[in-house]
Amino acid sequence: MNDRELINAALQWHAAHVRRLAVGREKRRIDAQLKAGGDDGWNLQRIIQQNETGRQITELKRRELAALRALAKVCAKQRGHLQAADVIDVDGAVVLLSA
C-alpha cells in the first residue's frame, strides 16, 4: 500500500463529485426555465433536456458512490492495524474507542 493509490482514489472520487455537481447545476437551470414557462416549442426541448440530465445525474451518482467505496477501501488499508482500536491518553486515563 502506498500513498499513490490513496491519492489516485481520492482524485477519482473528486472528479466524479465535480462532474455530478456540474450536471446538477445544469438540471437546476433547466428546471428554473421550465418553471418560468415561455415558448411551447422550446418547452418541449427543455423537457427532453431535463429528462436527459436526470439520467446523467443518476449515472454520475452511481459512479461517484463507486469511487467513494474504492476510496474507503484504500483508506481502510492505509490505516491497517490502527482501525481495531485507537488509544487516547486523557489526564492519565486510557480510553479505548470502538472502531
**Message:** With touching a residue at least 12 places away in the same chain (Cβ under 8 Å) and of a type in the set (Asp, Glu) as the only criterion, which of GLU52, GLU64 stands out?
**Reply:** GLU64
**Request:** Write out, first by first residue and then by second, each pair whose Cβ atoms fall under 8 Å of each other, whose residues are 6+ apart or on separate chains, and whose first residue, in the range 1-16, is farther than 14 Å from ALA76 by Cα while the second is in a helix (DSSP H, G or I) and charged (D, E, K, R).
**Result:** TRP13/GLU64; ALA16/ARG63; ALA16/GLU64
**Message:** Suppose we keep only residues that are among the small types (Gly, Ala, Ser), in a helix (DSSP H, G or I) and modelled with pLDDT under 90 within the range 21-41. Which one would you say is nearest to ILE57 (Cα to Cα)?
**Reply:** ALA32
**Asked** Only one of (1) touching a Lys or Arg at 6+ places or on another chain (Cβ under 6 Å); (2) modelled with pLDDT of 85 or more is not met by VAL18, so which one is it?
**Response** (1)
**Fill in**
Of (1) touching a helix residue (DSSP H, G or I) at 6+ places or on another chain (Cβ under 9 Å); (2) over 30 Å from ASP3 (Cα atoms); (3) modelled with pLDDT of 90 or more; (4) of a type outside the set (Ser, Thr, Tyr), ARG63 satisfies every one except (2)
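With closer than 29 Å to GLU5 by Cβ, among the β-branched types (Val, Ile, Thr) and modelled with pLDDT of 80 or more as the only criterion, which of ILE88, ILE47, ILE57 stands out? Lay out the reasoning, then the answer.
Values: ILE88 fails: modelled with pLDDT of 80 or more; ILE47 fails: closer than 29 Å to GLU5 by Cβ.
Unique residue meeting the criteria: ILE57.
The values are calculated or read from the model by the stated rules, or taken from the named source; none is laboratory data. If you're wondering where the values come from, they're calculated on a predicted model, not measured in any experiment. Neighbour counts are summed over all protein chains in view; Cβ atoms, including those assigned to glycine, are modelled from backbone coordinates with ideal geometry.
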